[in-house]
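I have placed the structure first, in the form of structure tokens, so that the comments after it can refer back to it.
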Amino acid sequence: MCGIVGYIGKKSAVDILLEGLTNLEYRGYDSSGIALNIDNKVQLYKAAGKLQNLKNIVEKNYSEISKSTIGIGHIRWATHGAPTIENAHPHSCNCGKVAVVHNGIIENYKELREKLEKNGCTFRSQTDTETVAHLVATKYGETHDLTEAVRLATKEIEGAYALCVIHQDVKNTIVATRRNAPLVVGLGDGENFVASDVPALIQYTKKAMYLDDNQIVTLTPDSIKLIDIDNNPLSQKVETLPWEPVALSKMGYKHFMLKEIHEQPDVVRNVLSGKLRAIDENITLNEVTLDKDKIKDLNRIQIVACGTSLHAAMVGKYIIEDFCGIAVDVEPSSEYIYRKTITDKNTLVIGVSQSGETADTITAVRQAKCKGSHILIITNRPDSTMAREADSLVPVNAGIEVSVAATKSYMAQLISFYLIAIYIAEVKNSMPANELADLKHELIVLPQKIEKVLAHKEDIQKCAKAFSSSKDFIFIARGINFPTALEGALKLKEISYINATGYTAGELKHGPIAMLDESMPVLSILMSGKVYDKILSNSEEAKARNARMIALTDSEDEKLNELFDYIIRIPEISEILSPALSIVPLQLIAYYIAEFLGKDVDQPRNLAKSVTVE
Ligand code: M6R
């Protein structure tokens, strides 16, 4: 939520800031702004709405604005105050010499604001962030040292923040700090960068330094100085970023979402690579440090996650219970953290998160850690806060996911769960070797099956077109594909704003069936296996209420032609692995419906990719 970026060097700052903000747009897009030091004066440029509005303002004043070689920028996902120009960052103090950009929430901002107002500060916005600008200005007035002013300010601030600050009188300096919000420093030659996330830096440098909580960094073009909140000097490990700038290109696709859907066969290959070597070899999970004896003693697994990651976790529950005979609870992180959870050292707690920065999931795993549980994190970002908290790590290797709607990271999470379940089953000897070998073989050939689905996307496109004017949509499934129904519905609602819901097919007659008539599409996920006949009869019940019926199936059964108005056929697959194939057409249906409706596919309204507030 919210992206911040800072540049200091010899080049024109505005170009680098706008490029950085473009690559951070997935974190929010309600409003944006930059602050630059032009001719020894801090100047703010802000716009409500999409980043393009800010770019238009910059374009009109480019010859003036491009002179500056120092600046900070922000892209906002509103928490306190509407997404207006006044509330857009950067924020400033009375004299206008300080500019601050912030990602997070200042929890004690009301008390701070009251105190600052009493001391003569005039507020122009409704944001929590403006308190920081006034506070830093006050502290600077006392110390005449920007780093010290920021350090003293952070001693009074409660909550979560990543902050970048500049001051008109301290030329060639940016001060940045963080607490419970991500911040990375990029090291260049005669220039330095700071940002919420790597995509803002990767075009310019591969050398980076991740800040820990309560560290304060002072950047000049030629130096980086790091201290802790008590003013002790620190040294920090410089890492080489594994990302390539090409990850941020659409590669000819109209949207990142479509590109990322098409990347899934390779994502599966990447996740399996080095972990599943041959069907007669055990799975290798190098970063899982949980002792094999402890795995045998596990009496419970809890999985915490949000959104799409939660749906992957629900599939994970089915697989682990089936293969390993261990009871698994899955809970949204936001619920887990506000009740008395029974967790102990014999419970493995798995946190699943694409970004590794989801505030609720971070809090949930921290709580479980305090109770002695081993924490295993499944994440696409091994450089994230959550990964740094992990006892064991399963990096999912999906590559940078830009589209706000998660697709390839879901696939990577699913495959990771298959690997984890097989790994535990091999340690516990809880599954016959031939069954595990069959599944390993199926995992190896899965990418080809996904490729086949993608090759026939025109049929899916036709079906999407036929249903694009529907106001509501129901997805039904049973067993291991119930989470697929939830995920298909989530994809559709988040990018097309259609009221879509996933139900277990057996629950339909306990209430939702009342909604069915000729205007309601019902999509049945009808994969071969033990619940096939049951879903078929639930589909008959829906058809009898005149619903418009769509089947997603791996069956060649001719009888389906009578019952369903549209049939999306996918390659045959075992029931246990089917969620990793059946989700692909649902991602495409959601994509094509949103595209037909002319929606902003990659940046749907009100959403942000990384939800760093509780
Ligand atoms: O980064 P995370 O996986 O922790 O994010 C969790 C959710 O915010 C995320 O899955 C969200 O639901 C996506 N927009 C789904 O497409």
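The values are calculated or read from the model by the stated rules, or taken from the named source; none is laboratory data. For clarity, every value in this text was computed on a predicted model and none was experimentally measured. Don't worry about glycine lacking a Cβ; one is built from the backbone with ideal geometry, like all the others, and counts go over all protein chains shown. The area values use the complete protein model at the heavy-atom level, side chains included, leaving out ligands, DNA and RNA. Shrake-Rupley method; radii C 1.70, N 1.55, O 1.52, S 1.80 Å.
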Which number in (1) assigned to a strand (DSSP E or B); (2) under 30 Å from Arg178 (Cα atoms) marks the one condition that Ala608 misses? (1)
Within the range 26-48, restricting attention to residues that are among the basic types (Lys, Arg) and in a strand (DSSP E or B), which residue is surrounded by the fewest Cβ atoms within 10 Å (Cβ to Cβ)? Lys41
Residues (open to solvent by less than 20 Å² (accessible area, probe 1.4 Å) and among the aliphatic types (A, V, I, L, M)) located in the range 548-568: Met549, Ile550, Ala551, Leu552, Leu560, Leu563, Ile568
If you check Glu321 against the conditions, is it without any contact (Cβ under 8 Å) to a residue 24 or more places away in the chain and within 24 Å of the chain's Cα centre (by Cα)? no
Could you go through the range 68-87 and let me know if any residue there is open to solvent by less than 10 Å² (accessible area, probe 1.4 Å), part of a helix (DSSP H, G or I) and within 24 Å of Pro182 (Cα to Cα). no
Considering the range 233-258 alone, what residues qualify as being assigned to a loop (DSSP other than H, G, I, E, B) and either under 21 Å from Asn23 (Cα atoms) or among the aliphatic types (A, V, I, L, M) (or both)? Val238, Leu241, Pro242, Trp243, Glu244, Ser249, Lys250, Met251, Gly252, Tyr253, Lys254, His255
Taking the range 237-258 and keeping only residues that are free of Cβ contacts under 8 Å to residues at least 40 places away in the same chain and either under 18 Å from Ile400 (Cβ atoms) or surrounded by 15 or more Cβ atoms within 10 Å (Cβ to Cβ) (or both), one is left with Thr240, Pro242, Val246, Ser249, Lys250, Met251, Gly252, Tyr253
Please specify each residue of the range 588-614 satisfying the condition of being open to solvent by 30 Å² or more (accessible area, probe 1.4 Å), over 18 Å from Lys50 (Cβ atoms) and within 11 Å of the ligand (Cβ to nearest atom). Val611
Tell me yes or no: at least one residue of the range 418-427 is over 13 Å from Ile283 (Cα atoms), under 25 Å from the mean Cα position of the chain (by Cα) and either more than 16 Å from the ligand (Cβ to nearest atom) or in a loop (DSSP other than H, G, I, E, B) (or both). no
Selection over the range 491-505 where residues are surrounded by fewer than 24 Cβ atoms within 10 Å (Cβ to Cβ), assigned to a helix (DSSP H, G or I) and in contact (Cβ under 8 Å) with a residue 40 or more places away in the chain yields a count of 1
Identify all residues within the range 324-345 that are in contact with a Leu (Cβ under 6 Å, 6 or more places away or on another chain), farther than 25 Å from Glu260 by Cβ and not aliphatic (A, V, I, L, M); write none if there are none. none
Selection status of Leu523, touching a strand residue (DSSP E or B) at 6+ places or on another chain (Cβ under 8 Å) and outside any helix (DSSP H, G or I): yes
Considering every residue within the range 468-488, establish whether at least one is within 16 Å of the ligand (Cβ to nearest atom) and either among the small types (Gly, Ala, Ser) or outside the structural domain of Leu536 (by TED's automatic domain parsing) (or both). yes
Gly399, sole failed condition from (1) open to solvent by 20 Å² or more (accessible area, probe 1.4 Å); (2) away from the ligand (no atom under 15 Å from the Cβ): (2)
What tally of residues in the range 316-334 results from selecting those that are within 14 Å of the ligand (Cβ to nearest atom) and out of contact with any strand residue (DSSP E or B) (no Cβ under 7 Å at 6 or more places or on another chain)? 2
From the list Ile261, Ile303, Ile295, pick out the single residue that is part of a helix (DSSP H, G or I) and under 25 Å from the mean Cα position of the chain (by Cα). Ile261
Go through Pro585, Pro571 for me and flag whichever is open to solvent by less than 10 Å² (accessible area, probe 1.4 Å) and away from the ligand (no atom under 16 Å from the Cβ). Pro585
Selection from the range 337-358 of residues of a type outside the set (A, V, I, L, M, F, W, C) and more than 13 Å from the ligand (Cβ to nearest atom) yields Tyr338, Arg339, Lys340, Thr341, Thr343, Asp344, Lys345, Asn346, Thr347
Suppose the filter is within 16 Å of the ligand (Cβ to nearest atom), touching a Leu at 6+ places or on another chain (Cβ under 7 Å) and more than 19 Å from Ile568 (Cα to Cα); does Ile498 pass it? yes
Report whether or not Lys275 is in a loop (DSSP other than H, G, I, E, B), within 29 Å of Gln203 (Cβ to Cβ) and either over 26 Å from the mean Cα position of the chain (by Cα) or not hydroxyl-bearing (Ser, Thr, Tyr) (or both). no
How many of the residues in the range 414-446 are more than 21 Å from Ala313 (Cβ to Cβ) and β-branched (Val, Ile, Thr)? 2
